[in-house]
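Okay, structure first, notes after.
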C-alpha cells in the first residue's frame, strides 16, 4: 500500500478531499478511479442511497460501506401511488432494519419511500440507534401510532419526524405525549397524513413550546383553526407551516388573533394544509405572503377569485400547488405576479366527473409558460389540449426539466384539429433539451415515441398510458433515450418484439413497469432466462402464468436490475422468471 | 422510415435477443386487451335505473347496457373508473370532508384492492366499479333480483363488515349509512354466503 502511495496523497488527505463530495453520482465515480480510491471512499461514505431496495441486499450494502450514518431506500414502483401495485407486493423494510440494527449502532438517518414499515421495525429503530436523528417516511404504510409512540419515547436526539403521504393506522393521537418533557430537539415534524379525530392539542402545544429549534411543522386535518393561533404563538420562528382544517365560524376575535399571530412569524416561507378552507379567513395570512416561496393549496376548495387575490399577494412564490379551481384566469394572474415561479402543479378538483366543472384549459398553461421565465417543473391536469398550445409552450419554456401533462380522458385528440398530440409532445422534447422527466397523455401514435427517442437524450423518467400503436413505439424509446432510468407504461399495445430486441438496455435502467400491455409469458420467461442480472417479475391476479397458453399476455410486468438475485418475499401472485424458469415451466 | 425500423427490430442486435429464433408470436387469445375505442367506452354514461347486466366473461370487459341508455339517469354520473386513472394520489382527501378507503377482498382472488366509498353515490355505482376491478368474477346484483347466467363463473355476493364487526349483505341499509359503517368489503362466494345465513330478507332470493 505504501509503495503505491509514494506518488499519491496519504489516505487522510484523500478522505478529506472526498468529504466535500456529497452527491452519490460523484462518489460512485470517485470509487471507480482505482482500487485504493474505492477503498478509501467506501470507508468514508456517510450517506447511502438505494433507489430500489431489491437491487441490492442489506448485507451487501453493509459490507461495502461499513460506516454510513444515513440511508435512503425506495421500495414499490411509482405506479403503486395509483393502486396499480397490489397490496402485499413487497417493499418490506424489516430485513434492512434488522441487518443495520446489528451492524450500525451509530446510524442517524433513515429515509424511506413507498415501503412497508411495521411497528416492530419502528421499535427496533428506537432501540438500536442511540443517536437516531432523522426519520422520513414518504408514502409508506404498515405501521400505527403505537410504533410512533415508541419512537417518540426513546429517540432522545430525534430532530426530524416526517410522515408525508403515509397510511398510518391511527389508533390514538396520544402517541404525541410520549415525547418526554425533557425532549426539546425537534426541528421538523410532519404529521399531515394522520387522521385521528381526537387530537391531543395540549401535548402538541407543549411539544411545540419546548422545542425552540422547530423550523417545520405540518399539522393534520384534525387540528381546528382556533388552535392554530396558540400553536403558532409558541413557534414564531417557523419556516414551514402546514395548517389543519382552515374552517370555522367567522368570528372577528378568532380572525384578528390569527392574523396577529401570522404577523409575528417573520421567518415563514412555506405554507400548506388549508383543508376545508373558508375564504373569510384567508386574508389572515396576507402578512406573510410577501415572503412566501412555497404555497400548497392542493386541498383548498376555494374558487378562482379568492385564489387570485391570494396569489397576487405572493410575488416571491417559487412553488405553487393548487386545484384547477384557479382556472385559466387565475393562471394568467399567476403569470403576471409571480416571476420567480419554478414549479407549478395543478390538480383536478373532479377527476372522475364526466364533464369539466371549471374553466381550466391549455390556455392557463400557455400563459404561465410565457409569463414565468424560471418555470422548470410542471404537473398539469386538464381536459383539452392542442398541438399548437404544446408547441407554443415548448418554445416559450425550453428550460423545462419536468413536464407532466395529464389530459383526463384517455386518448383525447387535439381539440382543434382532432389529430394526435404527437407533434406537440415532439416539440416539448425537441426544445427542452434538459428534460429529465416526462409524462404523456392524450391521443398518441408511435410517432411521438420516435420524437422522444430522437430528441430526449437527457430524459431519465418517462410515464406512458393509453398511447402508441405498435412495438415500434417502445423500440424508439428503449433504443433512443440514452439517459433513461425509469420507464412506466400502462395500457399500451407494446409486446414482445421491442422488449426482447432491447433486452440489454434494461440493465442500464433502474426499472421498467408494464401493465395491461401485450407482453407474453413466453417473452418474460425468455428475458428472465437470458438476463441473469435482471429480475423479471410477473404479477398476475388470474393465477400462475403457466396455467395459460405461453403466448397469453401477462397482466403486469416489473423488470429491474439487481445484483441481489431474485427476492424471496414475494406474495402468491408474483412470479420471478429466472434461469430455471425456461426449463421448469416448459 | 417504418420499414427501416422494422428491419432493425428483427435483426440480431448485440443488445437484443434474436426474436425470430424464439418463434414467439403476438397473437392474443380472445379480444385484444386494449380496446381501440377506449375513449368511447370510458366516456359512456350509464343509467342506474337500467337493468345492468353484471355478468362479465373472461376477457370480455364490455358491460351490456340497456337500450334506453341515452335517456338515462338525470342525476350526475361519475365516469366508469379505470383503475389508477387519472393518476391522482389519495384524491379523496382533496377537497372532501373525508375519505373512506376500504379494502375489498374477493374469495379466490389472490390480492386485495382498495376503494374509496366517498366517490360513489349509490350501490349501483359501487358494484359497477367493483365489476370493473374484478372483471374475472361475476358479482350478483341483488338490486334487480335478476338471476345471473352462470355460464362463465361462480356467483359472488357483495358483503361488508360493519362497525360492530358483523358481516352484512351490501344493500340492506341506506347508502350513506352503509358508507359510514362499512369497514371492509368481501365478495363472498354465494355458496358460502348461504351457509352464513346472509340470504335473508325480501329483496334477495337465494340462488339455490
Stretch gain in nm, segment residue A:17-residue A:249, where the contour uses 0.36 nm per residue and the Cα spacing is subtracted: 77.6 nm
Kirkwood Rh in Å, taken over segment A:394-488 so that all alpha-carbon pairs contribute: 12.9 Å
Cα-Cα P(r), segment A:506-585, percent of pairs per 5 Å interval: 3, 17, 29, 30, 17, 5, 0
Förster-model FRET efficiency, 30 Å R0, residue B:89 and residue A:99, C-beta, rounded to 0.05: 0.45
For peptides A:38-51, A:518-531, sequence by mean Cβ density within 10 Å, most packed first: A:518-531, A:38-51
Ranked list, fewest to most other Cβ atoms within 10 Å of each Cβ, for A:16, A:476: A:16, A:476
Descending principal axes extents, segment A:531-573, alpha-carbon based, whole Å: 30, 21, 14
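For the peptides A:22-31, A:442-451, A:370-379, A:70-79, what is the packing order when you average, over each peptide's residues, the other Cβ atoms within 10 Å and list the highest mean first?
The packing order, highest mean first, is A:442-451, A:70-79, A:370-379, A:22-31.
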Other protein chain Cβ atoms within 10 Å, averaged over every residue that makes up A:541-552: 3
Shielding score for A:406-413, defined as the mean number of other chain Cβ atoms within 10 Å: 4
Percentage, to the nearest whole number, of Cα pairs in chain A over 40 Å apart: 34 percent
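Using only atoms on other chains, find how many Cβ atoms lie within 10 Å of each Cβ of peptide A:348-356 and report the average.
On the way: counts 4, 4, 4, 10, 13, 4, 9, 4, 0.
The shielding value for this peptide is 6.
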Mean Cβ neighbour count within 10 Å, used as a protection proxy, ranking B:105-117, A:480-492, A:86-98 highest first: A:480-492, A:86-98, B:105-117
Relative contact order of segment A:506-585, defined on C-alpha pairs under 8 angstrom at six or more residues apart (%): 43 percent
Residue-averaged 222 nm ellipticity for chain A, from DSSP H runs of 4+ at -39500 (n - 2.57), nearest 500: -9500 deg cm²/dmol
Using a Förster distance of 51 Å, the FRET efficiency for residue A:212-residue B:103 (Cβ separation, nearest 0.05): 0.75
Virtual spin-label span in nm between residue A:259 and residue A:457, 7 Å along Cα→Cβ: 5.7 nm
Rg/Rg_ref, segment A:1-87, where Rg_ref = 2.2 N^0.38 Å and atoms are Cα: 1.39
Estimated inter-spin distance, residue B:191 and residue A:169, nm [label 7 Å along Cα→Cβ]: 3.3 nm
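Each reported figure results from applying straightforward, stated rules to the coordinates on display, with no laboratory input. What you see is a predicted model; the values in this text were computed from it and never measured. FYI the Cβ positions are ideal-geometry reconstructions off the backbone, even for glycines, and counts take in every protein chain you see.
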